[in-house]
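Engineer: Below is a structure I'd like to ask you about.
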Amino acid sequence: MRQNLVIGNWKMHGSRSGNEQLLAGLLELLPSSLSNSVVAVCPPALYIDAVKAQIADSVIQLGAQNICAESVDQGAYTGEVSAKMLAEFDCKYVLVGHSERREYYVESDAVVANKFKQAQAQGLTPVLCIGESLEQREGGDYIAVLTAQLKAVIDAVGIAAFNYAVVAYEPIWAIGTGKTASAEQAQDVHAAIRDLFSEHDAAIAEQLQVLYGGSVKAANAAELFAMEDIDGALVGGASLKAEEFSAICNAAE
Ligand code: PEP
């Protein structure tokens with residue numbers, strides 16, 4: 001039985017005082033224990049330490065938005081943060097392959113696969129984000145696009161690595177646009193993703209958490225989570241508001 005997972009991606013938002021307020025609100029609104037779900041937040045790297053201190057002993061887990069692709073713990077890579085550094089601060093999850101990184105920082109499938117590997121090498125769970133553009137969706141070949149994104153990583157890391165990974169389906173046309181995929185549209189894609197994994201390994205396909213991301217909010221979360229193959233959400237904008245995010249988490253629980 002798969003647990004739901006809700007991850008808040010704060011992107012490049014926040015401030016010391018704003019984060020404190022947001023977390024204080026969440027800690028008040030979330031239950032003190034969760035049995036059917038897991039909740040995590042991914043702040044900008046600079047705030048990870050302060051967030052870690054504030055969520056200690058709570059239900060909220062910590063994640064990061066990015067990781068160095070090189071297989072080194074430290075070195076001459078200006079501006080990068082290694083997997084080992086994230087592990088030192090108890091990050092459990094790290095996003096890899098987010099469409100904003102693929103687009104603005106030209107991260108290729110090969111780079112995404114390396115980031116995935118580095119995360120696992122330090123015991124972090126990579127959250128592999130995949131998604132199609134509006135043009136690809138309307139062109140009708142979006143399942144092939146998603147399959148290619150997944151296959152590139154499966155070929156690089158091996159199917160067994162997905163025993164310790166999460167996949168997030170995030171249609172690019174739904175990210176930050178207010179346009180959510182309907183629960184049925186999302187379910188169709190999630191089922192196709194699970195089918196692809198079951199061609200490799202049925203047990204992995206069955207246990208793999210596949211999150212949906214793209215304008216998830218309190219108003220549409222329950223409908224999405226009711227779908228058989230949707231195991232939670234990757235949440236951007238709504239994760240910056242304690243009431244919205246806690247309502248999404250409560251729907252997942
Ligand atoms: C995201 O950035 O992963 C995301 C899904 O953003 P939003 O919820 O704002 O669409």
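Engineer: If I filter the stretch 181-206 down to residues being out of contact with any Leu (no Cβ under 8 Å at 6 or more places or on another chain) and within 16 Å of the ligand (Cβ to nearest atom), which single residue comes out as most open to solvent (accessible area, probe 1.4 Å)?
Structural biologist: That would be Gln185.
Engineer: Restricting to the stretch 69-102, what's the tally of residues that are out of contact with any Leu (no Cβ under 9 Å at 6 or more places or on another chain), of a type in the set (A, V, I, L, M, F, W, C) and either more than 20 Å from Gln120 (Cβ to Cβ) or surrounded by 19 or more Cβ atoms within 10 Å (Cβ to Cβ) (or both)? Talk me through it step by step, then tell me what you get.
Structural biologist: Applying the first criterion (out of contact with any Leu (no Cβ under 9 Å at 6 or more places or on another chain)) to the stretch 69-102 yields 69-82, 84-85, 88, 99-100, 102.
Keeping just the survivors that are of a type in the set (A, V, I, L, M, F, W, C) gives 69, 72, 76, 81, 85.
Remaining after also requiring either more than 20 Å from Gln120 (Cβ to Cβ) or surrounded by 19 or more Cβ atoms within 10 Å (Cβ to Cβ) (or both): 69, 76, 81.
Qualifying residue count, the stretch 69-102: 3.
Engineer: Would you check if Ala186 is within 18 Å of the chain's Cα centre (by Cα) and part of a helix (DSSP H, G or I)?
Structural biologist: Details: within 18 Å of the chain's Cα centre (by Cα): yes; part of a helix (DSSP H, G or I): yes.
It is true that Ala186 is within 18 Å of the chain's Cα centre (by Cα) and part of a helix (DSSP H, G or I).
Engineer: Go over the candidates Asn19, Asn36, Asn66 one by one and state the one that is within 16 Å of the ligand (Cβ to nearest atom) and among the polar types (S, T, N, Q). Give the derivation first.
Structural biologist: Details: Asn19 fails: within 16 Å of the ligand (Cβ to nearest atom); Asn36 fails: within 16 Å of the ligand (Cβ to nearest atom).
Checking each option against the conditions leaves just Asn66.
Engineer: Next question. Give the residues of the stretch 79-112 that are touching an Asp or Glu at 6+ places or on another chain (Cβ under 8 Å), assigned to a helix (DSSP H, G or I) and over 14 Å from Cys68 (Cα atoms), sorted by residue number.
Structural biologist: Ser99
Engineer: So in the stretch 116-137, with the set limited to residues that are in a strand (DSSP E or B) and more than 14 Å from the ligand (Cβ to nearest atom), which one is farthest from Val153 (Cα to Cα)?
Structural biologist: Thr125
The values are calculated or read from the model by the stated rules, or taken from the named source; none is laboratory data. Quick caveat: nothing in here was measured; it's all calculated off a predicted structure. For neighbour counting, all protein chains shown are included, and Cβ atoms are generated from backbone atoms with ideal geometry for every residue, glycine included. Areas reflect the complete protein model, heavy atoms only, side chains present, ligands, DNA and RNA absent. Shrake-Rupley method; radii C 1.70, N 1.55, O 1.52, S 1.80 Å.
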